[in-house]
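Sharing a structure here in structure tokens format.
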Amino acid sequence: MAVDDLIRHSASRRQVLKSLAGGAAAVGTFLSAQTSANGKSSEKRPSETEDPRQADAPSKFERQGMIYRRLGRTGLHISEIALGGSPLPDESLLRRLIDRGVNYVDLSDSYENGNAERKMGRLWKDIGRDKIHVHTRFHLPRNFSEQSIIASVEGSLRRLAVDSIDILGIHGVENPDHVTDERILGAFEKLRGQGKFRFRGLTCHVNQHAVIPKAVESGLYDMVQVGYNVFDIQETDKNVKTYSDYLGESGIAKLIDLAHSRDVGVTAMKVLKVGGRRQNLAGAVSEGISLHQAMIKWALGNAKISAVVIEIMNTAEMDEDLAAAGGRLSREERRRLHTHVSARAGDYCHFCGLCQGACRQGIRTADLSRALVYAESYGKSDRAKAAVIAATARIPVTVCRNCGACEQACPYGLAVRRRTGRAAALARA
């Protein structure tokens, strides 16, 4: 669905949610229609999926209870449960995760003020480089240059205590022009010429619909990381009279399809969207059903995704999340997901960025919404406050004219102005 279509359909959002509220009985069709581009079910056992372009390199294999998936044209096989580094767990738990098959860690130069990279460097020195693949990234400050990017990457390598890494990426690309910016490409080429990384990647939090296609079609990037979770459902209950999908057309599945068609690897972030802090498992486990596990299984049901990148901070989370590897959604898990999504979708931001683009005052509404998630869903109050300060440094929320253009642009009918106000209050807390 095109951006114009997203905006045009935003008025239908509340009716969709109303229909969903009474639709729990239709669970038999919920999620079961998720399909890959060839029309076959994407909920396959590892042995059933092979990449026809590389018969000698299966897209999946199993080893000691962990499933490993091919990361596009990199040829790397990474654990389908991957570890996010914001923050990394303590080194003891990190070692246990690796012993249980996790072989991919997602980092950035800013995570824990660089201490996440230092922690990984100490572990690498102890266990060896062959046990784990690392994707670390650099940020793009306002006045970045080729030289500043190179200096940032060299800082990451020093903290990691290595001469090279598997994947070097750009953190949080929002402007599609940055994908082919000569300063960035120049830095990549010089660093690659010096043997400091093998593959090129990026992550995208806002404006994915513009950034990811340009990155894929440029042919310059070997992998991308996108936000993808159960709120991006792309199928419909035929009995619900609404537009083309069940909750709203996020379009993320189409971006994943595009990347896969060009053999660009895809990892998924923001997979666990449970109200309250991620660490609070009591509200997410009921009658033997873990909502966290169901969400992981749903995302991995898309065979075009190589891994879900999640934060694991304690033994309970490790046991719960790793148990989802290679799993398939049960009927009861589908029902629980249906109930969860229909109850919470009315206040869930997809970070598509359309509200931000529509704001006539230039308020960073999507950035503020992300800060709100840090505070309300992840319990990261300090990070949320810093994100609000950064988002309002040039244009304060007080310039809002209350015109409502942001809410008219939102395809999901969110109360953008109310969310923006809640986020702005975090800086005063």
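The values are calculated or read from the model by the stated rules, or taken from the named source; none is laboratory data. Because the structure is predicted, anything quoted here is derived from the model rather than measured. As a convention, Cβ positions derive from the backbone with ideal geometry for all residues, glycine included, and neighbour counts pool all protein chains shown.
Filter the stretch 334-364 down to residues that are over 19 Å from the mean Cα position of the chain (by Cα) and β-branched (Val, Ile, Thr) and give me whichever is nearest to Gly301 (Cα to Cα).
Checking each candidate, the answer is Thr339.
Taking the conditions exactly as written (in contact (Cβ under 8 Å) with a residue 12 or more places away in the chain, touching an Asp or Glu at 6+ places or on another chain (Cβ under 6 Å), among the β-branched types (Val, Ile, Thr) and at negative phi), does Val309 satisfy them or not? Full working, then the answer.
Numbers: in contact (Cβ under 8 Å) with a residue 12 or more places away in the chain: yes; touching an Asp or Glu at 6+ places or on another chain (Cβ under 6 Å): yes; among the β-branched types (Val, Ile, Thr): yes; at negative phi: yes.
Yes; evaluated as a whole, the condition is true for this residue.
Another question, if that's okay. Which residues, counting only those in the stretch 349-401, are among the aromatic types (Phe, Trp, Tyr) and either touching a strand residue (DSSP E or B) at 6+ places or on another chain (Cβ under 9 Å) or outside the structural domain of Leu414 (by TED's automatic domain parsing) (or both)?
From the stretch 349-401, those among the aromatic types (Phe, Trp, Tyr) are 351, 374, 378; that's our starting set.
Phe351 - this is the single residue of the stretch 349-401 that is among the aromatic types (Phe, Trp, Tyr) and either touching a strand residue (DSSP E or B) at 6+ places or on another chain (Cβ under 9 Å) or outside the structural domain of Leu414 (by TED's automatic domain parsing) (or both).
Hey, another quick one. Tell me which residues, restricted to the stretch 83-109, are touching a His at 6+ places or on another chain (Cβ under 9 Å) and farther than 14 Å from Leu160 by Cβ. Quick ask: steps written out before the conclusion?
Of all residues in the stretch 83-109, those touching a His at 6+ places or on another chain (Cβ under 9 Å) come to 103-109.
Matches in the stretch 83-109: Asn103, Tyr104.
Got at least one residue in the stretch 199-210 being surrounded by fewer than 19 Cβ atoms within 10 Å (Cβ to Cβ), of a type outside the set (A, V, I, L, M, F, W, C) and not in a loop (DSSP other than H, G, I, E, B)? Steps first, answer last, please.
Looking only at the stretch 199-210, we keep the residues that are surrounded by fewer than 19 Cβ atoms within 10 Å (Cβ to Cβ), and these are none.
The answer is no, given that none of the residues of the stretch 199-210 is surrounded by fewer than 19 Cβ atoms within 10 Å (Cβ to Cβ), of a type outside the set (A, V, I, L, M, F, W, C) and not in a loop (DSSP other than H, G, I, E, B).
The conditions are (1) without any contact (Cβ under 8 Å) to a residue 12 or more places away in the chain; (2) over 14 Å from Ile363 (Cβ atoms), and Thr398 fails exactly one of them. Which is it?
Evaluating Thr398 over (1) without any contact (Cβ under 8 Å) to a residue 12 or more places away in the chain; (2) over 14 Å from Ile363 (Cβ atoms) leaves (2) as the failure.
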